[in-house]
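Student: Just passing along the structure, written as C-alpha coordinates.
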Amino acid sequence: TGRNGKGTLILFASGNDPYPWVVYPGWFSRFMSIGGSTDQDRRWQSSAFGHDIDLVAPSLDILTTSVGGGYGRTSGTSFATPMVAGVVALIASANPKLTADSIRAILELTADKIGGYGYEEEREHGGWSPYTGYGRVNAGRAVRMAAGLPQSDPDRLIWPRGGEELRPEGSY
(Lines give C-alpha, C1' and ligand atoms only; values in the text may rest on other atoms or scores of the structure.)
Protein backbone atom coordinates (compact mmCIF):
# COMPACT_ATOMS: atom_id res chain seq x y z
CA THR A 1 0.00 0.00 0.00
CA GLY A 2 2.92 2.38 0.62
CA ARG A 3 2.91 5.99 1.82
CA ASN A 4 0.26 5.39 4.48
CA GLY A 5 -2.23 3.87 2.07
CA LYS A 6 -1.61 6.29 -0.83
CA GLY A 7 0.11 3.62 -2.91
CA THR A 8 3.48 3.32 -4.57
CA LEU A 9 4.27 4.21 -8.16
CA ILE A 10 6.59 1.61 -9.69
CA LEU A 11 8.80 2.69 -12.60
CA PHE A 12 10.74 0.44 -15.00
CA ALA A 13 13.23 1.21 -17.72
CA SER A 14 11.75 0.24 -21.10
CA GLY A 15 14.98 -1.41 -22.25
CA ASN A 16 17.94 -0.55 -24.46
CA ASP A 17 17.05 -2.48 -27.59
CA PRO A 18 15.08 -0.59 -30.24
CA TYR A 19 12.33 -3.22 -30.36
CA PRO A 20 8.66 -2.23 -30.51
CA TRP A 21 7.98 -3.67 -27.06
CA VAL A 22 9.20 -2.85 -23.57
CA VAL A 23 11.08 -5.33 -21.40
CA TYR A 24 9.49 -7.40 -18.65
CA PRO A 25 7.92 -6.40 -16.26
CA GLY A 26 7.43 -2.92 -17.73
CA TRP A 27 4.44 -4.04 -19.76
CA PHE A 28 2.22 -4.53 -16.71
CA SER A 29 -0.36 -1.75 -16.69
CA ARG A 30 0.13 -1.06 -12.97
CA PHE A 31 3.76 -0.06 -13.64
CA MET A 32 5.12 2.86 -15.65
CA SER A 33 7.56 2.04 -18.44
CA ILE A 34 10.10 4.82 -19.03
CA GLY A 35 11.89 5.16 -22.35
CA GLY A 36 14.77 7.37 -23.37
CA SER A 37 14.95 10.71 -25.16
CA THR A 38 17.77 12.75 -26.67
CA ASP A 39 18.87 16.34 -26.21
CA GLN A 40 17.11 17.00 -29.54
CA ASP A 41 13.74 15.95 -28.03
CA ARG A 42 13.50 12.75 -30.02
CA ARG A 43 13.23 9.14 -28.90
CA TRP A 44 16.70 7.79 -28.16
CA GLN A 45 17.34 5.36 -31.05
CA SER A 46 18.21 2.46 -28.74
CA SER A 47 15.20 2.89 -26.45
CA ALA A 48 12.54 0.19 -26.54
CA PHE A 49 9.08 1.53 -27.35
CA GLY A 50 5.62 0.27 -28.22
CA HIS A 51 2.16 -0.24 -26.80
CA ASP A 52 3.28 -0.14 -23.14
CA ILE A 53 5.58 2.91 -23.10
CA ASP A 54 4.35 5.62 -20.73
CA LEU A 55 6.93 8.44 -20.73
CA VAL A 56 10.44 9.28 -21.86
CA ALA A 57 13.22 11.19 -20.13
CA PRO A 58 16.80 12.11 -21.07
CA SER A 59 19.00 9.05 -21.56
CA LEU A 60 21.70 9.98 -24.08
CA ASP A 61 25.23 10.97 -23.01
CA ILE A 62 24.37 11.31 -19.33
CA LEU A 63 27.24 12.45 -17.11
CA THR A 64 27.75 9.96 -14.28
CA THR A 65 30.38 8.59 -11.94
CA SER A 66 32.72 5.96 -13.33
CA VAL A 67 33.91 2.71 -11.80
CA GLY A 68 37.27 3.40 -10.19
CA GLY A 69 36.56 7.12 -9.78
CA GLY A 70 36.02 10.11 -11.96
CA TYR A 71 33.21 10.85 -14.35
CA GLY A 72 32.12 9.71 -17.75
CA ARG A 73 29.20 9.82 -20.14
CA THR A 74 26.98 6.91 -20.96
CA SER A 75 23.47 6.25 -22.26
CA GLY A 76 20.53 4.06 -21.37
CA THR A 77 16.94 3.97 -20.18
CA SER A 78 18.34 3.15 -16.75
CA PHE A 79 19.30 6.84 -16.60
CA ALA A 80 15.88 8.06 -17.74
CA THR A 81 13.98 6.10 -15.08
CA PRO A 82 15.63 7.68 -12.01
CA MET A 83 15.02 11.12 -13.52
CA VAL A 84 11.29 10.36 -13.55
CA ALA A 85 11.60 8.94 -10.01
CA GLY A 86 13.08 12.27 -8.94
CA VAL A 87 10.10 14.09 -10.44
CA VAL A 88 7.78 11.71 -8.55
CA ALA A 89 9.54 12.73 -5.32
CA LEU A 90 9.15 16.42 -6.18
CA ILE A 91 5.43 15.93 -6.89
CA ALA A 92 4.89 14.05 -3.62
CA SER A 93 6.81 16.77 -1.78
CA ALA A 94 4.70 19.53 -3.35
CA ASN A 95 1.48 17.74 -2.37
CA PRO A 96 2.02 14.86 0.09
CA LYS A 97 -1.66 13.89 0.06
CA LEU A 98 -1.60 12.70 -3.56
CA THR A 99 -2.11 9.01 -4.28
CA ALA A 100 0.16 7.04 -6.61
CA ASP A 101 -2.61 7.09 -9.25
CA SER A 102 -2.83 10.89 -9.09
CA ILE A 103 0.95 11.25 -9.33
CA ARG A 104 0.91 9.04 -12.42
CA ALA A 105 -1.89 11.13 -13.92
CA ILE A 106 0.05 14.35 -13.27
CA LEU A 107 3.19 12.92 -14.91
CA GLU A 108 1.23 11.88 -17.99
CA LEU A 109 -0.90 15.05 -18.22
CA THR A 110 2.05 17.43 -17.99
CA ALA A 111 4.51 15.61 -20.30
CA ASP A 112 5.82 17.53 -23.31
CA LYS A 113 4.80 16.20 -26.71
CA ILE A 114 8.16 15.91 -28.46
CA GLY A 115 9.67 14.74 -31.71
CA GLY A 116 6.70 15.27 -34.00
CA TYR A 117 5.62 11.66 -33.52
CA GLY A 118 1.91 12.42 -33.69
CA TYR A 119 0.05 11.73 -30.50
CA GLU A 120 -3.15 10.68 -32.25
CA GLU A 121 -4.10 7.80 -29.97
CA GLU A 122 -6.31 9.09 -27.18
CA ARG A 123 -5.70 7.38 -23.87
CA GLU A 124 -6.86 8.15 -20.35
CA HIS A 125 -4.61 11.20 -19.96
CA GLY A 126 -4.65 12.57 -23.50
CA GLY A 127 -2.68 12.04 -26.69
CA TRP A 128 -0.25 9.14 -26.73
CA SER A 129 2.46 7.88 -29.11
CA PRO A 130 3.97 4.38 -29.33
CA TYR A 131 7.42 6.04 -29.57
CA THR A 132 7.33 8.34 -26.54
CA GLY A 133 4.12 7.47 -24.66
CA TYR A 134 2.58 10.67 -23.30
CA GLY A 135 5.84 12.50 -24.04
CA ARG A 136 8.95 13.69 -22.19
CA VAL A 137 8.60 14.27 -18.47
CA ASN A 138 8.32 17.95 -17.52
CA ALA A 139 9.25 18.44 -13.85
CA GLY A 140 8.24 22.10 -13.65
CA ARG A 141 4.76 21.62 -15.06
CA ALA A 142 4.20 18.48 -12.97
CA VAL A 143 5.18 20.15 -9.69
CA ARG A 144 3.10 23.26 -10.47
CA MET A 145 0.07 21.08 -11.13
CA ALA A 146 0.61 19.06 -7.94
CA ALA A 147 1.06 22.21 -5.85
CA GLY A 148 -2.10 23.73 -7.34
CA LEU A 149 -4.35 20.87 -6.34
CA PRO A 150 -6.42 21.53 -3.22
CA GLN A 151 -4.90 19.99 -0.09
CA SER A 152 -8.36 19.09 1.22
CA ASP A 153 -9.04 16.81 -1.77
CA PRO A 154 -5.80 16.54 -3.77
CA ASP A 155 -7.02 13.72 -5.99
CA ARG A 156 -9.84 15.81 -7.44
CA LEU A 157 -8.80 16.84 -10.92
CA ILE A 158 -11.11 18.75 -13.23
CA TRP A 159 -11.10 16.79 -16.48
CA PRO A 160 -11.26 18.55 -19.85
CA ARG A 161 -14.59 19.03 -21.52
CA GLY A 162 -15.00 20.26 -25.07
CA GLY A 163 -11.28 20.30 -25.78
CA GLU A 164 -10.33 22.47 -22.79
CA GLU A 165 -6.91 21.95 -21.26
CA LEU A 166 -6.86 19.94 -18.05
CA ARG A 167 -6.14 22.00 -14.96
CA PRO A 168 -6.48 21.32 -11.26
CA GLU A 169 -8.83 23.44 -9.21
CA GLY A 170 -7.24 26.84 -9.34
CA SER A 171 -4.44 27.17 -11.85
CA TYR A 172 -0.80 26.27 -11.96
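The values are calculated or read from the model by the stated rules, or taken from the named source; none is laboratory data. These figures come from a predicted structure and were not determined experimentally. A quick note on method: Cβ atoms are made from the backbone with ideal geometry, for glycine too, and the neighbour counts reach across all protein chains shown. Please note that ligands, DNA and RNA were not included when accessible areas were found on the heavy atoms of the full protein model with its side chains. Shrake-Rupley method; radii C 1.70, N 1.55, O 1.52, S 1.80 Å.
Student: Tell me the net charge near ASN138. Cut-off is 12 Å between Cβ atoms, ASN138 excluded, with +1 for each Lys or Arg and -1 for each Asp or Glu.
Tutor: Value of the local net charge: +1.
Student: Using a 1.4 Å probe over the heavy atoms of the protein chains, calculate the carbon and sulfur portion of the accessible area of region 94-145 as a whole percent.
Tutor: 49
Student: Enumerate the amide H contacts of SER14 below 5 Å, restricted to partners 5 or more residues apart or on another chain; note that Pro and chain-start residues carry no placed amide H.
Tutor: ILE34, GLY35
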